[in-house]
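Just below is one structure, and these are the notes that go with it.
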């Protein structure tokens, strides 16, 4: 589910250029996450989406999950505050679980390089998205603003990480999960 330009305008941003820049950077982030997903293996699904901040955060999350949950296999349980270091550790545990597993790499230096590069790139996309929405916005939102780990359960997940943060009038939801055999994609 993606916001339309009408929803974007109704939510305080009137500049079509800001809307287009936001969408471009979000598509680029999804492309980057998809490339990492493919390196991890066929059981992995990574991506990002957004939804409007309309009311209480739990209600907004529930509303979005219910629209996104085409096969009624996802259950939103709760949101919890998550710090930057914990978030990076959780992302690392999924990204470096499949074919990018630390044990498959030649050396600790190779692992450290890949880890640093991937996380810097992801943070760059979030910064571009943030400043597309507000040119005076925060360039490092993962470091500087509150983030929430979203507990979403499904029998189809082997492991998962969903997190979100608010940028102006929207929530940006990012997900990393590993599917069990014979499972779905929401």
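The values are calculated or read from the model by the stated rules, or taken from the named source; none is laboratory data. Fair warning: this is a prediction, and the values are worked out from it, not measured in the lab. With ideal geometry, Cβ positions are generated from the backbone for all residues, glycine too; neighbour counts draw on all protein chains shown.
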Among (1) over 15 Å from the mean Cα position of the chain (by Cα); (2) assigned to a loop (DSSP other than H, G, I, E, B); (3) closer than 28 Å to residue 169 by Cα - the single one residue 146 does not satisfy: (1)
Looking at (1) modelled with pLDDT of 90 or more; (2) in contact with a helix residue (DSSP H, G or I) (Cβ under 6 Å, 6 or more places away or on another chain), find the lone condition where residue 27 falls short. (2)
Scan the range 84-104 residue by residue and report those that are assigned to a loop (DSSP other than H, G, I, E, B) and either crowded, with 17+ Cβ neighbours inside 10 Å or touching a residue at least 40 places away in the same chain (Cβ under 8 Å) (or both). 96, 97, 98, 99, 100
Output the number of the condition that residue 135 fails; it satisfies all remaining conditions of (1) touching a strand residue (DSSP E or B) at 6+ places or on another chain (Cβ under 7 Å); (2) farther than 22 Å from residue 45 by Cα; (3) in a loop (DSSP other than H, G, I, E, B). (1)
Residues 46, 51, 119, 64: which one is in a helix (DSSP H, G or I), crowded, with 19+ Cβ neighbours inside 10 Å and within 18 Å of the chain's Cα centre (by Cα)? 64
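Restricting to the range 19-35, what's the tally of residues that are in contact with a strand residue (DSSP E or B) (Cβ under 7 Å, 6 or more places away or on another chain) and buried (at least 19 other Cβ atoms within 10 Å of the Cβ)? Give the derivation first.
Here is the first cut: in the range 19-35, the ones in contact with a strand residue (DSSP E or B) (Cβ under 7 Å, 6 or more places away or on another chain) are 26, 29-30, 33-34.
Applying the additional criterion that residues be buried (at least 19 other Cβ atoms within 10 Å of the Cβ) yields 26, 29, 33.
Number of matching residues: 3.
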Checklist (1) in contact (Cβ under 8 Å) with a residue 40 or more places away in the chain; (2) over 23 Å from residue 167 (Cα atoms); (3) buried (at least 18 other Cβ atoms within 10 Å of the Cβ) applied to residue 39, failing item: (3)
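Within the range 134-179, work out how many residues are more than 22 Å from residue 120 (Cα to Cα), surrounded by fewer than 16 Cβ atoms within 10 Å (Cβ to Cβ) and without any contact (Cβ under 8 Å) to a residue 40 or more places away in the chain.
Taking the range 134-179 as the starting set, the residues that turn out to be more than 22 Å from residue 120 (Cα to Cα) are 150-159, 168-170, 178-179.
Okay, now just the ones that are also surrounded by fewer than 16 Cβ atoms within 10 Å (Cβ to Cβ), so 151, 153, 155, 158-159, 168.
Of the ones still in play, those that are also without any contact (Cβ under 8 Å) to a residue 40 or more places away in the chain are none.
Adding up the residues that qualify gives 0.
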If residue 77 passes every condition in (1) crowded, with 17+ Cβ neighbours inside 10 Å; (2) in a strand (DSSP E or B) but one, which one does it miss? (1)
